[in-house]
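The values are calculated or read from the model by the stated rules, or taken from the named source; none is laboratory data. Please read all numbers here as calculations on a predicted model, not as lab measurements. So basically every Cβ, Gly included, is an ideal-geometry build from the backbone, and we count neighbours across all protein chains shown. These accessible areas exclude ligands, DNA and RNA; they are computed on the full protein's heavy atoms, side chains included. Shrake-Rupley method; radii C 1.70, N 1.55, O 1.52, S 1.80 Å.
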Amino acid sequence: MEKKRVKAKNSLSLEASSNKRILYLITIMVIGFNLRPAITSVGPLLGTIRDQIGLENWSAGTITILPLIAAAPWIQ
């Protein structure tokens, strides 16, 4: 009888850990989808930004690196 209780307890803990893993995976995917626009939105707006600020082409090109530099400390 005791072995059945231990097996039932272990199966519940395995189920709970697999549910946590699924929740972590979903959380990481939602965060990834949330961060993607910050990296990809600079390119289409680069011409407008360059014209309004009066930047040269080389300095406007460096603007595209800024989201990656800002995210770099968090990526390890």
Quickly work out the Ser18-to-Thr48 label distance, labels modelled 7 Å from Cα along the C-beta direction, and quote it in nm with one decimal. 4.8
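How high is the FRET efficiency from Val30 to Thr62, r the C-beta distance, R0 22 Å, rounded to 0.05? The partial results should precede the final answer.
Working: r = 30 Å, r/R0 = 1.38.
Calculated value: 0.15.
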Area of Leu25 that stays accessible when all protein chains are in place (1.4 Å probe, Å², to 10): 100
If you plug each phi of segment 44-51 into the Karplus form 6.51 cos²θ - 1.76 cosθ + 1.60 with θ = phi - 60°, what whole-Hz ³J(HN,Hα) values come out, in order, with x for Gly and Pro? x, 8, 4, x, 5, 4, 4, 5
